[in-house]
Every structure is written in C-alpha cells, then in structure tokens.
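So the structure is just underneath, and the comments pick up after that.
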Amino acid sequence: MKRFLKIYLEKPELAGLAFLVVLTLVFQVRSDGVFLNAQNLQGILGLLPEMGLVAIGVTLLMICGEFDLSVGSVFALTPMLMAILMEGGTPFILAFPAGLAAAAAVGFANGFLTIRFSIPSFITTLGMLFVVRSITVVVSGGFPPFLPADALPKWLFTVYVGPAGLFRLSVFWFLAVAILVSLLLTRTNFGNWVRATGGYLPAAQSMGIPTARVKTACFMICSVLAGFAGTIQVIRLGAPLPSLGEGLELQAVAAAVIGGTALTGGIGTIFGGIIGAALIRVIDNGLVLSQVDANWFKMAIGFLTIFAVVANSWLRKKAKSIKVET
Amino acid sequence: MPEPIIQVGDLHKWYSGVHALKGVSLDIYANEALGLIGDNGAGKSTLINILSGTQRQDDGWIRLEGQPVDFSNPRDAMERGIETIYQYNSMVPTMTIARNVFIGREPLKFSLFGIGVMDHKKMRDDSVSAIADVDLHLRSPDAIVGELSGGQRQGVAIARAMHFKSKVMILDEPTNHLSVKETKKVIGFVRGLKDQGVTGIFISHNMHQVFECCDRVVAMARGEIVMDKRIEETSIEEVSEIL
Ligand SMILES: Nc1ncnc2c1ncn2[C@@H]1O[C@H](COP(=O)(O)OP(=O)(O)O)[C@@H](O)[C@H]1O
Ligand SMILES: [Mg+2]
C-alpha cells in the first residue's frame with residue numbers, strides 16, 4: 001500500500017492511464033472488435049488533437065493555480081477572425097498568426113484582470129466566455145465567411161498520413177506541442193516557477209518569483225493553444241462556425257482533473273491532461289459503438305470527473321497519514 | 001564602533017488603518033547575532049519583511065553597508081546578500097526538496113532571456129550537500145516537502161538560506177512548532193553564524209532562546225522599539241518587565 005501510494009503521489013496520471021487501458025479493452029470486447037479497427041482509430045485520433053491541445057493549456061494553467069473557462073469561446077473566435085481576414089484577401093500565412101494573436105490577447109486580458117483586481121479566475125474567465133463568444137457571433141455577422149475549398153492548408157494540418165492513413169497530421173502537431181509544454185514544465189526554470197506559484201503562492205512570492213508574470217504567461221499559453229485547436233478543427237471541417245467549441249471548457253477541466261491535476265494548483269502533469277482528454281474521447285466513441293444512447297456520454301464524464309477528484313483527494317489524505325520515509 | 005551593516009531609520013508601515021511600524025530606527029552591526037523579541041502583533045515580521053523585500057515601507061529609509069537601498073522585491077534583497085527564513089511561507093509543500101532549495105535561483109544548463117533548462121543533477125547534488133552541511137539527514141532530495149515533519153522542513157529552509165548565504169541571515173520565529181531537540185539545533189546554528197562571518201537576526205517570542213544565542217536583544221511592542229541592550233547588560237527578568 002505504501003509503495004503504491006508513493007507511486008501515485010509521484011505519478012497521479014497513472015491511475016487514469018490504467019483506466020484508459022481497461023476501458024479500451026471493455027469497448028473492444030463490447031463492440032466485437034470494431035473499437036480498435038483502423039477506421040475507428042482514425043476517427044478517435046482525428047478528434048483527439050483538437051480537444052487534447054485545449055486540455056494541455058488548461059492543465060498547465062491549473063497547475064499554475066488558475067482556471068480558464070473561456071477556452072471554448074477562444075476556440076471559436078481564433079479561426080473566425082482568421083477566416084474573415086482570409087475572406088478579405090489576407091493570405092493564410094498572415095491570417096493564422098493574427099488569429100493566434102487575438103487568442104493571446106484574450107489570455108493576457110484574463111491574466112491582467114484576475115491579478116490586477118485579485119479576483120478568482122473562475123469569474124474573470126466565465127465573463128470572458130460570454131464576451132468572446134459574443135464577439136465571435138457578432139463579427140461573423142450571423143453566417144460564417146465563405147472560404148474556397150483550397151484556401152486552407154489541409155496538407156499542413158489535417159491530411160491523413162502514415163500506414164493505412166491512420167493519422168491526421170494534426171496528431172503530430174498535438175504531440176509536438178505536448179512534448180514542448182511538458183518539457184517546459186518539467187525541465188525549465190519557468191516550469192519550476194509555475195509549480196511554485198500554483199503550489200503555494202506566498203512561498204513563491206517570498207522567493208522572488210515574478211508570480212504575476214508567470215500566471216499571465218500561462219493564461220496566454222492556454223488561450224493560444226485553444227485558438228490553435230479551434231483553427232485545426234476549422235481546417236478539418238472547412239468552415240468556421242460561431243458555435244464551435246461550446247462546452248469544451250468544461251471537458252478540458254474534466255480532462256485535467258481526470259488526469260490527476262489538483263484543483264488547488266501545484267500538482268499535475270501535461271501527460272495526465274492528455275490521458276484525461278483521451279479518456280473522454282474514448283468514452284464518447286465507445287458508447288456510440290456499444291450502441292448506448294449518446295445522452296449517457298455527459299453522465300459518464302460527469303461521474304468520472306467526480307470520481308477522479310474524490311479518489312485523488314482520498315489518496316492524498318491517505319498518503320499524508322502514512323508518513324513516507326525520507 | 002564599526003559602521004553598521006544595516007541601518008534603518010524612521011520606518012513606518014500602515015495596513016489599512018493598523019499602524020504596524022511607528023517610526024522604527026535600528027542599527028545592526030556586522031557579525032552580531034541580534035535577537036528581536038516581542039509579543040504577537042508587535043511588528044517584528046513587518047520589520048523584517050521590509051528588510052527582505054517582501055513588503056515596502058510607507059515611510060523611512062534603509063541603508064546596507066552605508067548605501068541607501070530600496071528593495072522592490074525579495075530578489076533585490078537576496079542579491080544584496082540578505083537571506084530570510086520566513087515565519088510561514090518558505091517552502092512549497094507540493095514540490096521536491098531539490099526544487100524547493102533552488103526556487104527562483106535554478107542553475108541552468110543554458111538560457112535565453114532568463115528562461116532555460118535546469119541542471120537537475122546539480123540541483124540534487126547541491127541540495128544533498130546543503131542539507132548535510134546543516135547536519136540534517138534526509139535520504140533523498142526528491143522527497144516532497146509536504147511529506148516532511150515541521151522540523152525537517154525548517155531544516156531544509158535553513159539549508160537553503162545557508163547554501164546561498166552571504167552577509168545577513170534573518171530567521172522569523174524558526175523555532176515555532178519544533179521539538180526541543182530541533183529547537184536546540186536551530187539555536188546552535190544561530191550561535192554559529194558569527195564564525196562563518198554572517199550577521200544574524202533571530203526573531204522569537206521566547207526569551208530563553210534569545211538569551212542563549214544572541215549578542216544583543218531588541219524588544220518591540222505595538223510597532224515601536226522599547227528596549228535595545230547587549231545581552232550581558234540585561235536579564236530575562238528585565239526584558240519581561242518591559243514587555
Ligand atoms: N498583511 C497584513 N495585512 C494587514 N495587517 C497586517 C498584515 N501583516 C501584519 N499586520 C498587522 O500588523 C501588526 C504587526 O504584525 P506582525 O508584524 O506580523 O507582528 P509580529 O511578527 O511581531 O507578530 C499586527 O497588528 C498585524 O495584525
Ligand atoms: Mg511574526
């Protein structure tokens with residue numbers, strides 16, 4: 001038990017990983033082998049990057065001790081701005097960074113408002129959820145801009161590659177970002193500051209960490225990743241809709257939490273957030289394949305989230321009461 | 001008399017209505033161990049928080065080795081050689097010992113604009129030796145600080161301060177919640193600072209502890225200094241009388 005707890009404390013995402021494996025087996029059996037066939041895997045892996053990128057950013061921000069509920073709206077705004085610019089004749093190479101810059105600006109505003117007025121980011125970003133969604137709908141003018149089929153660089157983001165065309169290119173973008181952010185968090189001094197800021201703010205401040213800047217940077221990274229994810233989805237679908245990404249913010253928080261990230265900050269891993277996102281995608285897909293009414297999906301995610309938080313806090317308490325030798 | 005290493009003059013601090021420091025002036029000399037005592041709420045932490053850059057005075061001045069200084073954050077003070085062990089907030093409980101020891105001062109393999117890749121090996125090795133230097137025995141630098149006992153945690157905080165020590169070391173009530181044995185260790189440690197050429201400021205509300213390890217005792221009450229004497233010129237009874 002002791003050994004198990006120590007492993008858990010060091011790698012809280014392993015529980016999620018184990019659950020992912022179990023679920024995969026269950027769905028594989030229940031769907032008579034359809035779950036893991038090439039076509040279905042292609043579907044899961046095609047959607048995972050979009051939600052996974054959002055989950056990476058949200059996880060990083062939660063480790064830093066803050067929340068972002070506006071990611072779903074930024075997910076829609078970023079590609080909408082890009083598409084509008086492109087409709088007006090701006091080339092993709094300029095319109096794409098312009099969209100991401102808008103996302104970064106939203107992240108900066110989230111950080112600035114949260115820190116300057118010392119309010120919970122839960123509230124700041126809840127407000128921003130509405131504001132940004134509203135802006136997206138207004139600038140789209142009610143109906144989305146029209147883009148010719150070849151205007152978006154599908155070849156760079158969403159074409160199928162690999163054996164049996166198993167992967168969309170977006171999987172590799174996703175993996176690259178995942179590795180980069182993960183290294184940022186575990187290997188760099190910035191990562192150390194993020195953990196310290198989220199783990200215990202007064203200690204970080206008293207050691208001279210520029211906590212306001214660290215938090216703002218995390219807000220901005222989170223927002224930009226959400227914007228990037230939305231852009232990939234629009235490139236996959238071919239057209240931006242102002243309603244994209246609705247509800248995504250809660251799924252991303254659920255993914256982070258299921259992957260072992262503590263709501264109180266300081267604890268968690270990027271890998272965990274990705275495991276959480278994968279679990280959510282797998283549950284969605286597996287339920288459909290098992291011909292369960294799709295409306296059970298939210299229920300499953302809901303229970304899983306609550307279960308994960310309860311299990312996490314129980315295990316942490318347990319671990320504290322058993323004094324781990326040093 | 002040599003020149004003071006730290007001088008503060010007429011420091012004032014208000015916390016929305018509470019006048020926490022009411023014109024505090026104090027000279028601290030190199031290599032002395034100064035004991036700062038006073039009841040809860042006397043303003044001791046406020047005074048040293050200003051010296052360590054975590055707070056800013058509303059009025060008054062500070063001089064370090066004769067030069068006026070104005071610390072706008074703890075980094076400024078650390079860079080000028082003032083290390084502080086804070087009353088409540090020295091360690092991040094969710095992080096390992098090695099990471100805690102180097103928060104904000106991580107050794108980097110290479111960096112760009114101040115952000116870079118940490119030298120984990122150096123962090124682990126140096127924290128092991130820093131901890132051994134203060135006579136503490138912890139098996140691994142990878143232990144999570146939240147798993148340590150209060151005394152071990154305080155030991156790591158002291159090890160960190162000593163590792164980066166240069167001129168002045170401030171300890172704000174470091175013996176709170178410690179066992180008798182651990183307290184003894186801290187007292188011995190404060191007494192030993194002098195031999196290493198470090199000026200110590202030891203805050204406590206336990207007079208016996210101050211008399212055991214300090215050269216001079218300064219008493220505060222209600223935001224003012226009410227007594228300032230060399231240890232040999234006063235007694236526990238006299239100080240109790242004043243407080
Ligand atoms: N951050 C703060 N906000 C408001 N009041 C404070 C704060 N810190 C200290 N005080 C007040 O200032 C006074 C001095 O506190 P402090 O310096 O912590 O005393 P000590 O360390 O001697 O116990 C107390 O009345 C305390 O309530
Ligand atoms: Mg105090």
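Between the listed residues B:LEU11, A:THR124, A:ILE93, the Cα displaced farthest toward the positive end of the dipole of the protein assembly as shown, a dipole computed from Cβ unit charges relative to the Cα centre, is found at A:ILE93. Given a 1.4 Å probe and every protein chain left where it sits, what share in percent of the accessible area of chain A is carbon and sulfur? Within chain A, the accessible surface is 72 percent carbon and sulfur. Measuring against 31 Å, Cα to Cα, the residue pairs B:LYS121/B:LYS165; A:LYS215/B:LYS184; A:LYS318/B:LYS44; B:LYS13/B:LYS185 contain A:LYS215/B:LYS184; A:LYS318/B:LYS44; B:LYS13/B:LYS185 as the ones spanning a longer distance. Every helix of 4 or more DSSP H residues in the protein assembly as shown counts as -39500 (n - 2.57), and over all residues that averages to -18000 deg cm²/dmol at 222 nm. Accessible surface ranking for A:GLU50, A:GLU87, 1.4 angstrom probe, highest first: A:GLU87, A:GLU50.
When +1 charges are put on Lys and Arg Cβ atoms and -1 charges on Asp and Glu Cβ atoms, the dipole computed for region A:177-326 relative to its Cα centre reaches about 580 debye. Taking the three principal axes of the alpha carbon atoms in region A:2-321, the coordinate ranges are 62, 55, 33 Å, sorted in descending order. Distance between the 7 Å Cα→Cβ label points at B:ASP195 and B:ARG56: 4.2 nm.
Only Cα pairs under 8 Å and 6+ residues apart enter the sum, and on that basis the relative contact order of chain A stands at 34 percent. Counting Lys and Arg as +1 and Asp and Glu as -1 over every other residue whose Cβ lies under 12 Å from the Cβ of A:LEU248, the net charge comes to -3. Surface calculation, 1.4 Å probe, protein heavy atoms: A:ARG30 sits at approximately 150 Å² accessible. The residues A:THR78, B:THR96, sorted by heavy-atom accessible surface at 1.4 Å with ligands and nucleic acids left out, run B:THR96, A:THR78 from largest to smallest.
Tally up the carbon and sulfur contribution to the accessible surface of region B:4-242 as a whole percent, 1.4 Å probe, everything protein left in place. Each step should come with its number before you reach the end.
On the way: 5140 of 10430 Å².
Carbon and sulfur: 49 percent of the exposed surface of region B:4-242.
DSSP assigns beta bridges within chain B; of those with both partners inside it, close to 60 percent run antiparallel. Largest GNM mean-square fluctuation among A:VAL138, A:VAL194, A:VAL159, using chain A with Cα springs under 10 Å: A:VAL138. If eta is 0.890 mPa s and T is 25 °C, what Stokes-Einstein diffusion coefficient results for the protein assembly as shown, Kirkwood Rh from Cα pairs, in µm²/s? Once the numbers are plugged in, D ends up at 93 µm²/s.
Here each label is just a point 7 Å from Cα along the line to Cβ, and for A:ARG213 and A:ASP150 those points are 4.7 nm apart. Once the C-beta distance of B:GLU238 and B:SER140 is scaled by a Förster radius of 51 Å, the resulting FRET efficiency is 0.60 to the nearest 0.05.
Pulled fully out, how much extra length does the chain show between A:ALA101 and A:ALA18, if you take 0.36 nm times their separation in residues and subtract their Cα-Cα distance? Present the calculation step by step, with values, prior to reporting the outcome.
Numbers: separation 83, 0.36 × 83 = 29.88 nm, distance 3.80 nm.
Value of the extension gain: 26.1 nm.
Helix B:180-192 and the longest principal axis of the C-alpha atoms of chain B enclose an angle of approximately 80°.
Chain B packed on chain A takes about 2600 Å² of accessible surface away from a 1.4 Å probe, both sides summed.
What's the magnitude of the charge dipole for region A:2-321 around its Cα centre, counting Lys and Arg as +1 and Asp and Glu as -1 at the beta-carbon? Answer in Debye, nearest 20. Write down the numbers at each step before the final one.
Working: 20 positive and 12 negative charges, 248 e Å.
Here region A:2-321 has a charge dipole of around 1200 debye.
Is region A:219-298 rounded, prolate or oblate when judged by the Cα gyration tensor, a ≥ b ≥ c being the square roots of its eigenvalues, rounded requiring a/c under 1.5 and prolate requiring a/b larger than b/c? Oblate shape, in that a/c is at least 1.5 and b/c is the bigger or equal ratio.
Projecting the Cα atoms of A:VAL257, A:PHE167, A:ASN285 onto the dipole axis of region A:2-321, where Lys and Arg carry +1 and Asp and Glu carry -1 at the beta carbon, places A:VAL257 farthest toward the positive end. In this simple spin-label model, placing a label point 7 Å from the Cα along the Cα-to-Cβ direction at both A:ASN295 and A:LEU126 gives a separation of 2.7 nm. Along each principal axis, taking the top coordinate minus the bottom one, the Cα set of region A:158-199 gives 44, 15, 11 Å in descending order. Report the FRET efficiency, 1/(1 + (r/R0)^6), for B:LYS121 and B:PHE164, where r is their Cβ-Cβ distance and R0 is 25 Å, rounded to 0.05. The pair B:LYS121/B:PHE164 has a calculated efficiency of 0.85. Assuming a viscosity of 1.002 mPa s and a temperature of 20 °C, what translational diffusion coefficient in µm² per second does Stokes-Einstein assign to chain B, Rh being the Kirkwood radius over Cα pairs? Value of D from the Cα-based Kirkwood radius: 115 µm²/s.
Can you tell me the FRET efficiency between A:LEU237 and A:SER118 if r is taken as the Cβ-Cβ distance and R0 is 30 Å, rounded to the nearest 0.05? Can you show the working numbers first?
Numbers: r = 40 Å, r/R0 = 1.33.
Once rounded, the FRET efficiency stands at 0.15.
Each Lys and Arg contributes +1 and each Asp and Glu -1, all at the Cβ; summed about the Cα centre of the protein assembly as shown, the dipole is approximately 1520 debye. Send over a whole-number figure in Å² for the accessible area per residue of the protein assembly as shown, probe 1.4 Å. On a per-residue basis, 44 Å².
The values are calculated or read from the model by the stated rules, or taken from the named source; none is laboratory data. This structure is a prediction, so every number in the text was calculated from the model and none was measured. Virtual Cβ from ideal backbone geometry, glycine too; neighbours counted across all protein chains shown. Accessible surface areas use protein heavy atoms only, side chains included; no ligands, DNA or RNA. Shrake-Rupley method; radii C 1.70, N 1.55, O 1.52, S 1.80 Å.
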